[in-house]
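Everything below concerns the one structure shown next.
The values are calculated or read from the model by the stated rules, or taken from the named source; none is laboratory data. In this text the structure is predicted, and so the values were computed from the model without any measurement. We place every Cβ from the backbone using ideal geometry, glycine too, and count neighbours over all the protein chains shown. Keep in mind that these areas ignore ligands, DNA and RNA; they rest on the heavy atoms of the full protein, side chains included. Shrake-Rupley method; radii C 1.70, N 1.55, O 1.52, S 1.80 Å.
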Amino acid sequence: MTSEIVETFNVLQELLADHDEQAGPLRVALVTTQSGSHAGQNALVEAMRGIAQSLARELGARIRINSVVCDAESEMDLQPTLDFLAGSGSGYVTGATIDLRRPR
């Protein structure tokens, strides 16, 4: 799990380095697909939540970063959520965790 988190930071660093700020804020959704209730999966969800909140505070207007959590039952809701986050209507949404998991 630690390697996944480190890789996420590395990819975000590359994206930010290559991003032209005149094109507007970089929009990133950290998608975590959770299967079951394994403790490692829950820890990954919380780590992605922390990354999104931390970078949203630190980078402000340069990035709109959010965490999206889904499970097998909610994957059909994922694309409309990502479309919303990529669009202009989500201009003030940053540092949020959008949990699409269905209650069991």
Residues located in the stretch 52-74, provided they are closer than 21 Å to N42 by Cβ, open to solvent by 60 Å² or more (accessible area, probe 1.4 Å) and under 15 Å from the mean Cα position of the chain (by Cα): Q53
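Just give me the residues in the stretch 48-74 being hydrophobic (A, V, I, L, M, F, W, C) and in contact with a strand residue (DSSP E or B) (Cβ under 9 Å, 6 or more places away or on another chain), in sequence order.
As a first pass, look at the stretch 48-74 and keep what is hydrophobic (A, V, I, L, M, F, W, C): 48, 51-52, 55-56, 59, 61, 63, 65, 68-70, 72.
Once the filter is applied, which keeps residues that are hydrophobic (A, V, I, L, M, F, W, C) and in contact with a strand residue (DSSP E or B) (Cβ under 9 Å, 6 or more places away or on another chain), the stretch 48-74 yields M48, I51, A52, L55, A56, L59, I63, I65, V68, V69, C70, A72.
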Quick check: is even one residue across the stretch 30-45 over 19 Å from D99 (Cβ atoms), at pLDDT below 85 and open to solvent by 70 Å² or more (accessible area, probe 1.4 Å)? no
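Determine whether T94 is surrounded by 14 or more Cβ atoms within 10 Å (Cβ to Cβ), modelled with pLDDT under 85 and of a type in the set (S, T, N, Q).
Values: surrounded by 14 or more Cβ atoms within 10 Å (Cβ to Cβ): yes; modelled with pLDDT under 85: no; of a type in the set (S, T, N, Q): yes.
Criteria not met by T94.
Farther than 26 Å from D20 by Cβ, open to solvent by less than 80 Å² (accessible area, probe 1.4 Å) and within 13 Å of the chain's Cα centre (by Cα): does that describe L85?
no
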